[in-house]
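Only the coordinates and a few stated rules stand behind these numbers; no lab work does. The structure presented is a predicted model; accordingly, all values stated were derived computationally and were not measured. We place every Cβ from the backbone using ideal geometry, glycine too, and count neighbours over all the protein chains shown.
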RNA sequence: GCCCUCGUAGCUCAGUCGGAUAGAGCGACCGCCUCCUAAGCGGUAGGCCACAGGUUCGAUUCCUGUCGAGGGCGCCA
């Protein structure tokens, strides 16, 4: 049982004994910023003062009296402070119990939960049109979407990663026309795609000497292949690629339109079919079928989401901020089809702006100015790219300075974290060489871990389950990034100040510290896995290769 | 004009489910390798948490407004 639950239960009983009615449903217990305020603190006396008919300080004092008479496990001090906070001081033994919990759970079990209770969730992300390569901006949504999928999995959801392919419509036609024009040696149409890649792909098409190839089909295959390759380079794998065209074949689009008519959700005006999205808070009604009889992008999209609701309990879409306007209309459409719009969660990522040579590069396939995602990954490496994309909250716009990132690859915080992991493996190897093994958990004496550096690492490890749970709930993988940087910092501090091996370290302490390293390894492994970043067992900086090390392993 | 996100140290950003003295990295300055990888550790300097009101015992955090930045407002996607 987590020490917090023990304390909260004791507080609840004490409040009831004092006649506080009602006892608050939620009793907040938090770790004070200031160590002088103890290990854990509750504001319950401030919150419940009115219900108790006492001033907060008095209620706090009475609580302290009660709690001191029968202190919960690990609690060695209770006091009232400030305006009425009740602060708990704990014996270090509570952190030693945490370490035991961590190593018993292992990297499979620690910070894994059942919160999702098997809820089926489809995370749809990237979903870039197959009209050109992915650019650096797509990388953010790609890494973000994959990481929240990992978080959902770890929290007990049943997750499908899905890529929706807009493989028909006006943009596809423009793309095909652009490709065809280049193949024929003619200028690209005004509203076509003007990127260099069109030139390159046209040349490839000619080189393949398949004159009969349909530019749309050839280009579609080419673009999708390039998407897969770029994502693969980031270790992002989709479980499902859902084709817009497939819904024409299955009749899903027609069925959906019929369902909308039946629900009174649409009307005809000026030869077009409109969705009554204003009934559900949208700015204006939206066209589903154009007056020329062609569907807009929205029509198949509505059908697609209807299909997803047949397959899952919760839909999560990752979209760039430039698609924000889409939220209200899709919620409206789902509500009108009888689905709970709250089960369609749309995560908006603020845009990535790219700088190269000191200038901003606008990312647009249509104008042709772009930096390919594959190029970024090649330049900085998959781990640095992923970590960088997941460094910030997606609510903040991100500036990616290619020159800076490329020149400072070795200063990327990802290496700081990975190095902590590599150090752990290194010290274990050294211990093994010296004939020292952690042995059985039950033989270790964790009470020897009382250095402030050691306790700091243990406190960080204790936080991980909460961090993961919250990061999942808030769909905020950057919280994991922040946490793992902090764990790495605590570990490096420990490693610097506390020697694990050596003649001046008693064997029981060495053993206890090896277990601490193992606990840290588990924390790093769990967090890095959630971020999709490798946890290398060794890293050697160029030029620092020791003679006992194989130069081949210099890049981890 | 309306909608979304944001405004925190010189720079890039955490923190904000309301809590006690607001943090990190980079940059600047000063230190630490006879010792498990110095890809490491420590110290100093640096803040009207954009501004103004409101709610509260308590606001950087919640609400309203103002200013500023980015994005959106198409029978494109």
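For the reader, a short list of remarks on this structure follows.
- Among A:7, A:346, A:198, the order by Cβ neighbours within 10 angstrom, fewest to most, reads A:346, A:198, A:7.
- Stretchable slack from residue A:255 to residue A:507, in nm (0.36 nm times residue separation minus alpha-carbon distance): 83.5 nm
- Computed lengthening from residue A:469 to residue A:101, 0.36 nm per intervening residue step minus Cα-Cα distance: 130.8 nm
- Computed [θ] at 222 nm, helices only, for chain A once each DSSP H run of length n ≥ 4 contributes -39500 (n - 2.57): -15500 deg cm²/dmol
- Residue exposure proxy: A:218, A:241, ordered by other Cβ atoms within 10 angstrom of their Cβ from fewest to most, comes out as A:241, A:218.
- Order of A:498, A:450, A:155, A:472 - criterion: other Cβ atoms within 10 Å of each residue's Cβ, fewest first: A:450, A:498, A:155, A:472
- Shape call, chain A: gyration tensor on alpha carbons, a/c limit 1.5: oblate
- Cβ-Cβ FRET estimate between residue A:213 and residue A:324, R0 fixed at 56 Å, reported to 0.05: 0.90
- Rounded if a/c under 1.5, otherwise prolate or oblate - the stretch A:413-551, Cα gyration tensor axes: oblate
- Label point at residue A:541 placed 7 Å out along Cα→Cβ; residues across the stretch A:394-422 whose backbone nitrogen lies under 13 Å: A:409-412, A:415-416, A:419
- Cα-based shape type of the stretch A:308-467, given that a ≥ b ≥ c are square roots of the gyration tensor eigenvalues and the cut on a/c is 1.5: oblate
- Cut-off 15 Å, label 7 Å out along Cα→Cβ of residue A:369, residues of the stretch A:179-217 by amide N: A:194-196
- Helix A:478-497 and the longest principal axis of the C-alpha atoms of chain A enclose an angle of approximately 40°.
- Distance between the pseudo-spin-label points of residue A:430 and residue A:199 (7 Å out from Cα toward the beta carbon): 5.5 nm.
- Sorted peptide list for A:303-312, A:10-19, criterion being average Cβ within 10 angstrom, highest first: A:303-312, A:10-19
- Using R0 = 51 Å, the C-beta based FRET efficiency linking residue A:294 and residue A:114 works out to 0.65.
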